[in-house]
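Participant: Can you keep this structure in mind? I'll have questions shortly.
The values are calculated or read from the model by the stated rules, or taken from the named source; none is laboratory data. On a predicted model such as this, the values are computed, not experimentally measured, just so you know. Cβ coordinates were reconstructed from backbone atoms using ideal geometry, including for glycine residues, and neighbour counts include every protein chain displayed. The protein model used for the area step is the full one, side chains on, heavy atoms only, and it has no ligands, DNA or RNA in it. Shrake-Rupley method; radii C 1.70, N 1.55, O 1.52, S 1.80 Å.
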Amino acid sequence: MRLVIADDSALVRDGLRHALQAHGHDVIATAADAEELLAVIRHAPPDVALVDIRMPPTHTTEGLRAATEIRGRNPDVAVLVLSQYVDADFALTLLRDSPAGSGYVLKDRITQLTVLLDAIERLARGETVVDPELVELLLHRPATFRRLGELTGREHDVLALVAEGLSDRAIAERLWLTQKTVETHVRHILGKLALPPDADHNRRVLAVLTYLRAG
Amino acid sequence: MTAARLRAAVLALAALTLALWVTDVVRQLQGGSAGAGLVFYAVAGVAAVAVALAVARQRGGERMALVIAVWLCVSALDDLAVDWPVSRSATTAWMLAHGLAPSAFAVMVLAYPSGRLRGRGERLLVALAVLAGLVWMGAPLLFFRPGGCATCAPRVSSWLYTGTTFDYLPVGQASWVAFIALGLVFVVLLVGRLRAAPPGARVTLLPLGLAVFFAAAEFIAQRVVWLGGWAGPVAALDWIDRANALLLPLAIFLGLAAIRRRRGPLGDLVVELGRAGPGQVQPALARSIGDSTLELALWIPDRGEFVDEAGMPIDTSAIPRGRVLTAIGPPGEPVAALIHDERLLGQRPLLEAAGSAARLALENTRLQAELRAQLAELRSSRARIVEAADAERRRVERDLHDGAQQRLLALGLALQLLRERNADPELLGQAEAELQTALRELRDLARGIHPTILTEQGLGPAVRSLADRAAIPITVEAGDERYPAAIETAAYFVVAEALNNVAKHAAARSAAVTIDRRNGRLRVEVSDDGCGGAVASAGGGLQGLADRVAAAGASLTLTSEPGAGTTLEVELPCGS
């Protein structure tokens with residue numbers, strides 16, 4: 001898979017490139033800031049761009065802005081934002097316009113290579129990726145938690161994975177269920193939460209996240 | 001009594017007095033007596049009434065004028081009735097007037113300049129004089145019959161005549177002795193008052209004092225004459241008596257005028273200086289002293305020179321002809337100086353007083369300006385300290401992310417490589433778990449120090465993010481508007497600390513955060529349904545909040561009745 005890595009830390013940039021190349025990915029370019037990243041992508045669009053959220057000059061959320069811009073300009077390029085912030089608003093900023101192919105995970109995940117590689121694969125398939133820790137935070141918001149009282153334990157688990165952006169098939173694999181059972185669970189969950197049934201699982205992610213965030 | 005009523009009473013008494021005087025003069029003319037004595041008598045009477053009216057016209061002089069008018073009226077009655085031939089009414093009036101005239105005189109003198117008697121001593125003296133007068137004239141009132149007394153003027157008895165008589169001359173003599181004694185006390189009182197008066201006021205008492213001593217001496221002398229039974233100097237004493245009828249009111253009028261002259265301009269000046277802002281002291285001084293060219297020079301000891309109100313140096317060696325510099329303050333240590341027309345030199349006390357008053361005002365202005373400047377400096381330095389602390393927080397947060405965190409991440413990548421080189425998987429697993437914990441703790445620490453979402457997305461998202469992490473449901477009502485960074489930071493930490501307190505102390509089931517903008521102010525309200533009873537203790541989180549909010553130019557209101565939850569409200573200025 002053709003990848004681009006944007007991170008202002010050479011240490012991380014190089015380490016990540018080695019790790020990903022060791023797993024058979026083709027890191028076609030790296031960038032140290034948002035401007036360079038945009039130029040690189042204009043020049044040679046990758047399948048997935050891994051973008052550190054903090055980059056020069058202000059080291060705050062340049063990466064997030066660049067990601068939104070990339071997604072706006074070139075929807076075929078999937079973007080994985082590597083973030084230091086467990087903030088739903090940042091994630092929703094990225095996902096709101098085009099959830100398919102957008103990912104928001106904690107930067108810690110680069111030290112859990114299997115998780116990172118899985119996220120890259122899913123993004124390349126046009127799925128959405130939301131960090132489990134953020135989903136957990138939202139599920140455990142007191143206000144949300146009360147509203148989810150009607151869900152069974154299993155439905156709760158399924159909802160979490162839906163929110164992370166997993167497809168029904170992936171959820172089925174993760175929970176050792178049949179895809180059909182997962183689909184039933186999802187239907188029940190959406191019914192109980194009064195959310196519209198949506199065949200597009202990326203829009204479904206957005207709806208669920210917005211629901212979890214509300215109130 | 002109001003000033004208007006007092007004036008009306010003075011007017012009525014003056015009219016009555018004039019009528020009595022005119023009647024007397026006309027009667028004397030008809031009786032064939034004419035000449036210098038009568039003319040003087042007539043002129044003095046009219047002039048005295050005019051003076052009383054003039055005093056009544058002065059602001060605050062109404063009561064004094066009334067006292068003068070009473071004395072003039074009693075005197076006129078005394079003079080008129082003394083040889084009104086046939087009427088028992090006239091006899092009664094004369095005897096009463098004659099007996100009370102000394103008391104009216106004493107009241108007038110003692111009440112100067114306010115028109116009121118001061119102290120029990122003065123009131124006792126007047127009461128004794130009234131008593132002596134009633135005893136003195138009481139005997140003839142009750143027992144006088146025509147022909148009973150060779151030297152007595154009236155030709156008929158009073159209305160109060162009892163029908164019997166006796167030799168009451170000893171009673172009269174006894175009361176004269178009392179009058180002489182009272183007269184001496186009166187003089188001593190006045191001397192005391194003259195001596196006690198401050199130097200400035202003594203001048204205003206002097207005309208009165210002179211007239212009083214004149215009158216008192218005459219009064220005592222007359223009593224002595226009567227007591228001794230010498231009739232010779234009586235005519236001369238009458239002349240003096242009449243002169244006094246004019247001189248005393250005149251002296252009072254001049255004294256009051258002098259008081260006003262001295263008090264007026266300075267009084268106005270002090271009032272004006274009280275209102276004067278910077279740069280307005282010199283014009284106020286110029287007006288009150290009556291020299292429009294007057295310049296004010298302030299002595300600056302540090303620089304050893306005079307400056308004007310604007311702080312510009314004044315060259316005192318280049319004062320033009322016809323103008324002089326009057327230094328104000330102790331010799332050799334001037335506090336200020338006035339540069340003025342040399343013709344004002346005669347009024348040095350006024351100049352000094354005015355200069356001192358101005359100096360006070362200037363000092364006041366200077367101190368106030370200094371204080372305001374210090375206060376403003378204090379406010380801005382407090383705001384700067386908070387801003388510096390906030391900047392420091394942002395810097396630390398950034399260092400954590402870009403320094404420590406990046407190194408930990410690099411370490412994590414290295415561990416991944418180790419895993420591929422078949423290192424001990426158990427050990428590796430432990431190391432990775434530790435690393436994940438370290439990264440999470442680092443992230444939480446950085447967020448606590450300064451949440452990036454606050455600077456990047458603003459107060460609303462940052463507060464919602466806080467609420468996401470709370471243990472109880474928190475309703476957040478906040479828009480996505482942005483405010484100045486210092487205000488957002490202050491508001492954010494207010495909410496953070498308040499929610500922290502709710503979690504720790506309130507035992508609340510839920511809480512609500514409302515952030516809105518009202519009248520150009522950002523209002524932050526955090527309320528819970530907990531146990532209430534929260535207080536801001538020194539060194540506590542709430543006190544820290546109050547200090548932070550105060551630095552942003554706002555205040556914090558805490559409502560926390562026990563059992564009724566807690567509401568914290570802060571209004572921050574947020575510019576436009």
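Participant: Within the set of pairs 6+ apart or on separate chains, which have a first residue in region A:18-38 that is within 13 Å of chain B (Cβ to nearest Cβ) and more than 24 Å from A:T61 (Cα to Cα), a second that is surrounded by 18 or more Cβ atoms within 10 Å (Cβ to Cβ) and of a type in the set (S, T, N, Q), and C-beta atoms under 7 Å apart?
Facilitator: A:A19/B:Q416
Participant: Which residues, taken from region B:9-37, are loosely packed, with under 15 Cβ neighbours inside 10 Å and of a type in the set (A, V, I, L, M, F, W, C)?
Facilitator: First pass over region B:9-37, keeping only residues loosely packed, with under 15 Cβ neighbours inside 10 Å: B:12, B:15, B:19, B:23, B:26-27, B:29-37.
Hits for region B:9-37 are B:A12, B:A15, B:A19, B:V26, B:L29, B:A34, B:A36.
Participant: Follow-up. Yes or no: region B:462-481 includes at least one residue that is within 47 Å of the chain's Cα centre (by Cα), open to solvent by less than 40 Å² (accessible area, probe 1.4 Å) and touching a residue at least 12 places away in the same chain (Cβ under 8 Å).
Facilitator: The answer is no, given that none of the residues of region B:462-481 is within 47 Å of the chain's Cα centre (by Cα), open to solvent by less than 40 Å² (accessible area, probe 1.4 Å) and touching a residue at least 12 places away in the same chain (Cβ under 8 Å).
Participant: Also, I was wondering about something else. Looking at B:S292 and the list (1) of a type in the set (G, A, S); (2) surrounded by fewer than 19 Cβ atoms within 10 Å (Cβ to Cβ); (3) touching a residue at least 40 places away in the same chain (Cβ under 8 Å), which single condition is not satisfied?
Facilitator: (3)
Participant: Starting from residues that are more than 14 Å from A:L80 (Cβ to Cβ), within 21 Å of the chain's Cα centre (by Cα) and surrounded by 18 or more Cβ atoms within 10 Å (Cβ to Cβ), keep the ones in region A:39-58 and report whichever is farthest from the other protein chains (Cβ to nearest Cβ).
Facilitator: So, considering only residues that are more than 14 Å from A:L80 (Cβ to Cβ), within 21 Å of the chain's Cα centre (by Cα) and surrounded by 18 or more Cβ atoms within 10 Å (Cβ to Cβ), the one farthest from the other protein chains (Cβ to nearest Cβ) is A:M55.
Participant: Suppose we filter region A:1-24 for residues that are under 19 Å from the mean Cα position of the chain (by Cα) and surrounded by 21 or more Cβ atoms within 10 Å (Cβ to Cβ); how many remain?
Facilitator: Of the residues in region A:1-24, the ones under 19 Å from the mean Cα position of the chain (by Cα) are A:1-7, A:16, A:20.
Remaining after also requiring surrounded by 21 or more Cβ atoms within 10 Å (Cβ to Cβ): A:3-7, A:16, A:20.
So the count comes out to 7.
Participant: To continue, here is another question. Of the conditions (1) under 26 Å from B:G192 (Cβ atoms); (2) open to solvent by less than 20 Å² (accessible area, probe 1.4 Å), B:A44 fails just one. Which one is it?
Facilitator: (1)
Participant: For region A:139-181, name all the residues that are small (G, A, S), open to solvent by 10 Å² or more (accessible area, probe 1.4 Å) and in contact (Cβ under 8 Å) with a residue 12 or more places away in the chain.
Facilitator: If the condition is that a residue be small (G, A, S), open to solvent by 10 Å² or more (accessible area, probe 1.4 Å) and in contact (Cβ under 8 Å) with a residue 12 or more places away in the chain, then A:A143, A:A160, A:S167, A:A170 are the ones that fit.
Participant: Within region B:488-534, take every residue that is among the charged types (D, E, K, R) and assigned to a helix (DSSP H, G or I) and give me the one that is farthest from B:A564 (Cα to Cα).
Facilitator: Narrowing region B:488-534 to residues among the charged types (D, E, K, R): B:488, B:497, B:504, B:509, B:516-518, B:521, B:523, B:525, B:528-529.
Then keep just the ones that are assigned to a helix (DSSP H, G or I); that gives B:488, B:497, B:504.
On the way: B:E488: 29, B:E497: 20, B:K504: 17 Å.
Looking at the filtered set, the residue picked out is B:E488.
Participant: Of all residues in region A:188-212, which are open to solvent by 60 Å² or more (accessible area, probe 1.4 Å) and either assigned to a helix (DSSP H, G or I) or small (G, A, S) (or both)? Talk me through it step by step, then tell me what you get.
Facilitator: Here is the first cut: in region A:188-212, the ones open to solvent by 60 Å² or more (accessible area, probe 1.4 Å) are A:188, A:192, A:194, A:196-197, A:199, A:203, A:210.
Within region A:188-212, A:H188, A:K192, A:A194, A:A199, A:R203, A:T210 qualify.
Participant: With (1) at pLDDT 80 or above; (2) buried (at least 20 other Cβ atoms within 10 Å of the Cβ); (3) under 45 Å from the mean Cα position of the chain (by Cα) as the list, and B:L77 as the residue in question, which single condition is left unmet?
Facilitator: Condition not satisfied by B:L77: (3).
Participant: Restricting attention to region A:80-101, which residues are of a type in the set (S, T, N, Q) and either more than 14 Å from chain B (Cβ to nearest Cβ) or under 11 Å from the mean Cα position of the chain (by Cα) (or both)? Outline the logic, then answer.
Facilitator: We begin by selecting, within region A:80-101, every residue of a type in the set (S, T, N, Q); these are A:83-84, A:93, A:98.
Scanning region A:80-101 gives A:S83, A:S98.
Participant: Can I ask one more? Taking the residues in region B:111-132 that are part of a loop (DSSP other than H, G, I, E, B) and touching a residue at least 12 places away in the same chain (Cβ under 8 Å) as candidates, determine which candidate is surrounded by the most Cβ atoms within 10 Å (Cβ to Cβ). Give the steps one after another, and end with the answer.
Facilitator: From region B:111-132, those part of a loop (DSSP other than H, G, I, E, B) are B:112-118; that's our starting set.
In the following step, the residues that additionally are touching a residue at least 12 places away in the same chain (Cβ under 8 Å) were identified as B:112-116.
Details: B:Y112: 24, B:P113: 20, B:S114: 13, B:G115: 19, B:R116: 13.
Ranking the qualifying residues of region B:111-132, first place goes to B:Y112.
Participant: Kindly evaluate A:L11 against the criterion of being within 14 Å of chain B (Cβ to nearest Cβ) and at pLDDT below 90. Show your work before the answer.
Facilitator: On the way: within 14 Å of chain B (Cβ to nearest Cβ): yes; at pLDDT below 90: yes.
So A:L11 fits the description; yes.
Participant: Can you tell me how many residues within region A:102-132 are within 14 Å of chain B (Cβ to nearest Cβ), of a type outside the set (A, V, I, L, M, F, W, C) and open to solvent by less than 10 Å² (accessible area, probe 1.4 Å)?
Facilitator: 5
Participant: Answer with yes or no whether B:N519 is open to solvent by 10 Å² or more (accessible area, probe 1.4 Å), at positive phi and more than 10 Å from chain A (Cβ to nearest Cβ).
Facilitator: Working: open to solvent by 10 Å² or more (accessible area, probe 1.4 Å): yes; at positive phi: yes; more than 10 Å from chain A (Cβ to nearest Cβ): yes.
Against the criterion (open to solvent by 10 Å² or more (accessible area, probe 1.4 Å), at positive phi and more than 10 Å from chain A (Cβ to nearest Cβ)), B:N519 qualifies.
Participant: Only residues that are within 14 Å of another protein chain (Cβ to nearest Cβ) and surrounded by 22 or more Cβ atoms within 10 Å (Cβ to Cβ): list them for region A:61-79, please. It would help to see each step written out before you state the result.
Facilitator: Step one: filter region A:61-79 for residues within 14 Å of another protein chain (Cβ to nearest Cβ), giving A:61-68.
A:T61, A:E62, A:G63, A:L64, A:A66, A:A67 - these are the residues of region A:61-79 that are within 14 Å of another protein chain (Cβ to nearest Cβ) and surrounded by 22 or more Cβ atoms within 10 Å (Cβ to Cβ).
Participant: Consider B:A410 carefully, then state whether it is open to solvent by less than 30 Å² (accessible area, probe 1.4 Å) and of a type in the set (A, V, I, L, M, F, W, C). Spell out the reasoning first.
Facilitator: Values: open to solvent by less than 30 Å² (accessible area, probe 1.4 Å): yes; of a type in the set (A, V, I, L, M, F, W, C): yes.
Against the criterion (open to solvent by less than 30 Å² (accessible area, probe 1.4 Å) and of a type in the set (A, V, I, L, M, F, W, C)), B:A410 qualifies.
Participant: Separate question: Can you tell me which residue within region B:55-72, out of those that are assigned to a helix (DSSP H, G or I) and open to solvent by 30 Å² or more (accessible area, probe 1.4 Å), is modelled with the lowest pLDDT? Show your work before the answer.
Facilitator: Taking region B:55-72 first, the residues assigned to a helix (DSSP H, G or I) are B:55-57, B:62-72.
Then drop every residue that is not open to solvent by 30 Å² or more (accessible area, probe 1.4 Å), which leaves B:57, B:63, B:66, B:70.
Values: B:R57: 79, B:R63: 84, B:L66: 89, B:V70: 90.
If we take residues in region B:55-72 being assigned to a helix (DSSP H, G or I) and open to solvent by 30 Å² or more (accessible area, probe 1.4 Å), then B:R57 is modelled with the lowest pLDDT.
Participant: Show me the helices (runs of 4 or more DSSP H) found entirely inside region B:406-487 where at least 2 residues are away from chain A (no Cβ under 11 Å). Working first, answer last.
Facilitator: Values: elements: B:406-420, B:425-449, B:452-457, B:459-468.
Those helices (runs of 4 or more DSSP H) span B:425-449.
Participant: I've got another one for you. Can you tell which of B:A478, B:A511, B:A503 is of a type in the set (A, V, I, L, M, F, W, C) and touching an Asp or Glu at 6+ places or on another chain (Cβ under 6 Å)? Give the steps one after another, and end with the answer.
Facilitator: Numbers: B:A478 fails: touching an Asp or Glu at 6+ places or on another chain (Cβ under 6 Å); B:A503 fails: touching an Asp or Glu at 6+ places or on another chain (Cβ under 6 Å).
Only one candidate qualifies: B:A511.
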